[in-house]
Amino acid sequence: MNGAHDLGGMHGLGAVGAEPESSEPVFHHEWERRAFALTLACGFLGQWNIDESRHARERQHPVDYLRNSYYENWMAGLSTLLVEKGFVTREEIQAGRSLHDDTRRLDPVVASRVDALLRRGGPVDMPPERAPRFAPGDRVRVANNHPLAHTRAPRYTRGRLGRIESHRGCHVFADANALGERRGEHLYSVRFEAAELWGSAAVARDAVYADLWEPHLVAVA
Amino acid sequence: MNDETGHDHHHDHDHDHTEPPPDPALRVKALESLLIEKGLVDPAALDVFIDTYEHRVGPRNGARVVAKAWVDREYRDWLMRDATAAIASLDFVGRQGEHMSVVENTASVHNLVVCTLCSCYPWPVLGLPPAWYKSAPYRARAVADPRGVLAEFGTLLDDDVEVRVWDSTAEMRYLVLPRRPAGTEGMNEDELAGLVTRNSMIGVEHALAPGQGT
């Protein structure tokens, strides 16, 4: 979807304004610690995948997405998923306490399992069902698609000409995964010359690389 | 919301998504209480998640990878060929590092990592991303104006250096292998790791020169 999250190339947002590395804390407020941990703890319940999680944040109104701080967007996405999956209601989130006994129940992720879960992670490589369509050096164009659902092809790449840098293997296709369909597609690193993306004002020798799946790409003769 | 500035400019439409949200600390507290009451979350597990990424997993891990690559040519070659396995050999594994790629800075190429769509970042080697990495200005500008972003960090590149920006749009996670600073020939791996900053492994800065290190 063409949401506020798809930020590449947006103007007017100002300076990066980085805090010095030596003095920046991992979390700036206690509630950020809690928001982070709640998101992981609920994610490990296994009721949604990482792409559904991203999409839940992206589906906010663009004004909200841009106004919110980072972990506020995490909270918004988490609340949406918890409600949609039937674990809590909006009224309960407002109230901060249980109002209904008929919401879905699940055993929590207990502390003793956390290390193993984090170490295992969630690899997304899959056995391919067919040979890759593209090879390094091939010219490709990013399909000019504007799906209403989740996509990992950023707007600034769409319709643009690139070159296959490398084949990454067959990975779970995020766009389908966000809709609950776990299927593999060949993934490629694609190089875009800066001028192709940003026009003649860009420094000609610079380039942007994005990782895109086969359904995002169109062959160019 | 305690808002002394009064109502903002969104209130002329009747959408609750444009209401200013209440204090995030209160909202998170309410959600946490609710989830604990419903038995969906173990409070002790929350503490482990926090402790892991606040105290145990961070950019010192990545610095060890880089320092080893600087002193061990075979390791460097392995890292460039199969970063996931080479990094796992140092026991840096797991969530948000399942599929790793290392991009090497040279005299003619400078690499910079971003996630324009969200905040993808290699947790096992760098920990959680700094606030600026997740911010709208960085995500917007790193791809379109990388040299302007680098200049903001005090990193000025010659015109003949090629800037490569890596947008983390899939589950590949990127670690920049910065250039080994001049004058470090006599330093051992531990000393070298002290020169490797988090920012140099994202690509917004160079590694520290000897004497600048910690």
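Within region A:84-97, the set of residues being out of contact with any His (no Cβ under 9 Å at 6 or more places or on another chain), free of Cβ contacts under 8 Å to residues at least 40 places away in the same chain and either open to solvent by less than 30 Å² (accessible area, probe 1.4 Å) or closer than 18 Å to A:G43 by Cα (or both) comprises A:E84, A:K85, A:G86, A:I93, A:G96.
It is to be established whether one or more residues within region B:117-130 are within 26 Å of B:R81 (Cβ to Cβ) and of a type in the set (V, I, T). There is at least one residue in region B:117-130 that is within 26 Å of B:R81 (Cβ to Cβ) and of a type in the set (V, I, T). Taken together, A:R163, A:R120, A:R158, A:R104 contain a single residue that is within 14 Å of chain B (Cβ to nearest Cβ), out of contact with any helix residue (DSSP H, G or I) (no Cβ under 8 Å at 6 or more places or on another chain) and open to solvent by less than 30 Å² (accessible area, probe 1.4 Å), which is A:R158.
The residues of region A:51-81 that are hydrophobic (A, V, I, L, M, F, W, C) and facing chain B (nearest Cβ under 8 Å), listed by number, are A:V63, A:L66, A:M75, A:L78.
Go through the residues of region A:14-29 one by one and say whether even a single one is touching a residue at least 24 places away in the same chain (Cβ under 8 Å) and in contact with a helix residue (DSSP H, G or I) (Cβ under 9 Å, 6 or more places away or on another chain).
Start the filter on region A:14-29 by keeping residues that are touching a residue at least 24 places away in the same chain (Cβ under 8 Å), which leaves none.
Among the residues of region A:14-29, not one is touching a residue at least 24 places away in the same chain (Cβ under 8 Å) and in contact with a helix residue (DSSP H, G or I) (Cβ under 9 Å, 6 or more places away or on another chain), which makes the answer no.
The number of residues in region B:130-146 being surrounded by fewer than 24 Cβ atoms within 10 Å (Cβ to Cβ) and without any contact (Cβ under 8 Å) to a residue 24 or more places away in the chain comes to 8.
Summed over region A:126-142, the residues that are within 25 Å of B:C118 (Cα to Cα) and either open to solvent by 50 Å² or more (accessible area, probe 1.4 Å) or over 19 Å from the mean Cα position of the chain (by Cα) (or both) give a count of 3. Taking the criterion of being of a type outside the set (V, I, T), open to solvent by less than 10 Å² (accessible area, probe 1.4 Å), under 25 Å from A:R119 (Cα atoms) and at the interface with chain A (Cβ under 7 Å from one of its Cβ atoms), the residues of region B:27-63 that qualify are B:L35, B:L40, B:A45, B:L46, B:F49. Answer with yes or no whether A:R130 is free of Cβ contacts under 8 Å to residues at least 24 places away in the same chain, among the basic types (K, R) and not assigned by TED's automatic domain parsing to the domain that holds A:D51. Against the criterion (free of Cβ contacts under 8 Å to residues at least 24 places away in the same chain, among the basic types (K, R) and not assigned by TED's automatic domain parsing to the domain that holds A:D51), A:R130 qualifies. B:L117 falls short on exactly one of the conditions (1) hydrophobic (A, V, I, L, M, F, W, C); (2) free of Cβ contacts under 8 Å to residues at least 12 places away in the same chain; (3) at the interface with chain A (Cβ under 7 Å from one of its Cβ atoms), and that condition is (2).
Yes/no per residue for (1) under 18 Å from the mean Cα position of the chain (by Cα); (2) hydroxyl-bearing (S, T, Y); (3) more than 21 Å from B:E191 (Cα to Cα); (4) assigned by TED's automatic domain parsing to the domain that holds B:R164:
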{"site": "B:D47", "(1), (2), (3), (4)": "no, no, yes, no"}
{"site": "B:V66", "(1), (2), (3), (4)": "yes, no, no, yes"}
{"site": "B:L79", "(1), (2), (3), (4)": "no, no, no, yes"}
{"site": "B:M100", "(1), (2), (3), (4)": "yes, no, yes, yes"}
{"site": "B:E104", "(1), (2), (3), (4)": "yes, no, no, yes"}
{"site": "B:V114", "(1), (2), (3), (4)": "yes, no, yes, yes"}
{"site": "B:S119", "(1), (2), (3), (4)": "yes, yes, yes, yes"}
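Results for (1) at positive phi; (2) open to solvent by less than 60 Å² (accessible area, probe 1.4 Å); (3) in contact with a His (Cβ under 7 Å, 6 or more places away or on another chain); (4) facing chain B (nearest Cβ under 9 Å), shown as yes or no for each residue.
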position: A:S189; (1), (2), (3), (4): no, yes, no, yes
position: A:W198; (1), (2), (3), (4): no, no, no, yes
position: A:A202; (1), (2), (3), (4): no, yes, no, yes
position: A:D211; (1), (2), (3), (4): no, yes, no, yes
position: A:E214; (1), (2), (3), (4): no, yes, yes, no
position: A:L217; (1), (2), (3), (4): no, yes, no, no
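Which one is farthest from B:D158 (Cα to Cα), of the residues in region B:86-107 that are within 13 Å of chain A (Cβ to nearest Cβ) and among the small types (G, A, S)? So the residue we want is B:G94. Pairing residues of region B:154-168 that are over 21 Å from B:S119 (Cβ atoms) with residues that are at pLDDT below 95, at Cβ distances under 9 Å and at least 6 apart in sequence or on separate chains, gives B:D159/A:V203; B:E162/A:V203; B:V163/A:V203.
Rundown of residues vs (1) more than 22 Å from A:V109 (Cβ to Cβ); (2) open to solvent by less than 30 Å² (accessible area, probe 1.4 Å); (3) assigned to a loop (DSSP other than H, G, I, E, B), yes/no style:
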residue: A:G9; (1), (2), (3): yes, yes, yes
residue: A:L38; (1), (2), (3): no, yes, no
residue: A:W48; (1), (2), (3): no, yes, yes
residue: A:S53; (1), (2), (3): no, yes, no
residue: A:V63; (1), (2), (3): yes, no, no
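Applying the criterion of being among the charged types (D, E, K, R), at the interface with chain A (Cβ under 7 Å from one of its Cβ atoms) and open to solvent by 10 Å² or more (accessible area, probe 1.4 Å) to the residues of region B:147-188, the residue that is nearest to the chain's Cα centre (by Cα) is B:E171. Candidates are the residues of region A:82-101 that are within 7 Å of chain B (Cβ to nearest Cβ) and under 20 Å from A:E32 (Cβ atoms); the one that is farthest from the chain's Cα centre (by Cα) is A:G96.
The values are calculated or read from the model by the stated rules, or taken from the named source; none is laboratory data. As the structure is a computational prediction, the values presented were derived from the model and not from experiment. Quick reminder, even Gly has a Cβ in these numbers, built from the backbone with ideal geometry, and neighbours come from all protein chains shown. Surface accessibility is based on the protein's heavy atoms, side chains included, excluding ligands, DNA and RNA. Shrake-Rupley method; radii C 1.70, N 1.55, O 1.52, S 1.80 Å.
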